[in-house]
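The values are calculated or read from the model by the stated rules, or taken from the named source; none is laboratory data. Keep in mind the model is a prediction, meaning the values are calculated, not measured. Cβ placement follows ideal geometry from the backbone for every residue including glycine, while neighbour counts extend to all protein chains displayed. Quick note on the areas: whole protein, heavy atoms, side chains included, nothing else; ligands and nucleic acids left out. Shrake-Rupley method; radii C 1.70, N 1.55, O 1.52, S 1.80 Å.
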Amino acid sequence: MKRDLARRLESVSPFDDPAPALEQYRTPADIAAHVVHVAAMQSDLDGRTVVDLGSGTGMLALAAAFGGPRAVVGVELDGEALERARENERQVDPPISIDWIEGDATTLPVCLDDATVVMNPPFGAQYGNRHADRAFLETAATIGAVSYSIHNEGSRSFVDRFVADHDGTVTHAYQAELEIPHQFEFHREERRTVDAEVFRVTWSG
Ligand code: SAH
C-alpha cells in the first residue's frame, strides 16, 4: 500500500517559484506515503476530518485523502501554491476531493477539536525565526485530536516541552530523510539531504 501510494504521489508537482521566507519545500512522496501509512494504521484517517496546515502544493493533504477520511482541508497562505495544489488534485488517481482554504494556518478561524492534523510547517531555520513551527503546533493543539508533524533534526526536546505544556502526548517519533532539490540561492549543492523528525501527538484538550 505504501509503495503504491508513493508512486501515485510522484505526480504531485512542487512549487514553481518557491518563496524562501515561507520555507516552501515540498515533502517527498515517500515521506508523505510513510506518514499516511502510520496514520492509517492508527485509525487516524478513516472517517476523520484531516487538516493540512501550510498545505503548499498539496502533498500531505493528497496523501491523506487516500486513507478514506470524511473530509480533507488544506490551509495555505500562498495563493499560487494553492493553484498548483488544485491542479495536483486533478492529476491524482483515483479522484479525491479536498477543500483548499487560502489563509494563515496560525490564526485559523475554524471550530474543530477532533481533527487529524498533518503538517510540514516552516522550521524557521533560515531566517532566524527559530521555531516558526511553534505557532503551527498551537493550531494543532487547538483543532486536533491527533497530529503528525515534520520538524527539523534536534526538535525532540522542543516538541516534548510544547506537548507537555498543552496536555498532549508524543506517541511516535521517528527520523526521516528529506531529499531537497537545489531551489534557493543559498543552496550550494544540487541536492541535499535534510534530517528531519516526525512526531505523532495526541491532544486531550
Ligand atoms: N505541506 C506542503 C508544503 C510544506 S512547505 C508539503 O508537505 O509539501 C511549508 C508551507 O507552509 C509552504 O507552502 C508555505 O507557503 C506555508 N506557510 C508558511 N507560513 C504559513 C502560514 N502562516 N499559514 C499558512 N501557510 C503557511
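For the ranges 40-50, 165-175, 11-21, what's the packing order if you count other beta-carbon atoms within 10 Å of each residue, average per peptide, and put the highest first?
On the way: 40-50: 17.5, 165-175: 13.2, 11-21: 14.8.
Packing proxy ranking, top to bottom: 40-50, 11-21, 165-175.
Suppose every Lys and Arg Cβ carries +1 and every Asp and Glu Cβ carries -1, with no other charges. What dipole size does the chain come out with about its Cα centre, to the nearest 20 debye? Intermediate values should be presented prior to the final figure.
Values: 18 positive and 34 negative charges, 97 e Å.
Using Cβ point charges on Lys, Arg, Asp and Glu, the chain gives about 460 debye.
Could you sort S97, S149 by their accessible area in this structure, using a 1.4 Å probe and putting the largest first?
Descending accessible area places them as S97, S149.
Enumerate the amide H contacts of D52 below 5 Å, restricted to partners 5 or more residues apart or on another chain; note that Pro and chain-start residues carry no placed amide H.
Amide H neighbours of D52: V73, G74, V75, V118.
Under 8 Å for C-alpha pairs, at least 6 residues apart: give me the relative contact order for the stretch 1-43, rounded to a whole percent. Intermediate values should be presented prior to the final figure.
Working: 22 pairs, mean separation 21.4, N = 43.
50 percent.
First select every other residue whose beta carbon is under 12 angstrom from the beta carbon of A115; then total the charges, Lys and Arg +1, Asp and Glu -1.
Numbers: positive: R48, R70; negative: D44, D52, D113, D114.
Charge balance in the 12 Å sphere: -2.
How large is the accessible surface per residue of the stretch 2-203, computed with a 1.4 Å probe and reported in Å² as a whole number?
For the stretch 2-203, the solvent-accessible area averages 48 Å² per residue.
Which net charge results when you count Lys and Arg as +1 and Asp and Glu as -1 among the other residues whose beta-carbon is under 13 Å from that of L5?
Details: positive: K2, R3, R7, R8; negative: D4, E10, D30, D93.
So the surrounding residues net to 0.
Pop the C-beta distance of E10 and D167 into the FRET formula with R0 = 35 Å and round what comes out to the nearest 0.05. If you can, show how the numbers build up before the last one.
Numbers: r = 38 Å, r/R0 = 1.10.
It comes to 0.35.
A176's amide H: which non-local residues (gap 5+, or another chain) put their own amide H closer than 5 Å, with H modeled 1.01 Å from N in plane and none for Pro or chain starts?
When sequence neighbours closer than 5 places are left aside, the close amide H contacts are A196, E197, V198.
Just to confirm a number: summing +1 for Lys and Arg and -1 for Asp and Glu over residues other than E76 whose beta-carbon lies under 11 angstrom from that of E76, what do you get?
Details: positive: R84, R86; negative: D52, D78, E80, E83, E102, D104.
Value of the local net charge: -4.
Given C-alpha coordinates of the chain, what is the ratio Rg to Rh with the Kirkwood estimate of Rh?
On the way: Rg = 15.5 Å, Rh = 16.7 Å.
Taking Rg over the Kirkwood Rh, I get 0.93.
With all protein chains present, how much of the accessible area of the chain (probe radius 1.4 Å) comes from carbon and sulfur, to the nearest whole percent?
On the way: 4470 of 9990 Å².
The C+S portion of the solvent-accessible surface of the chain is 45 percent.
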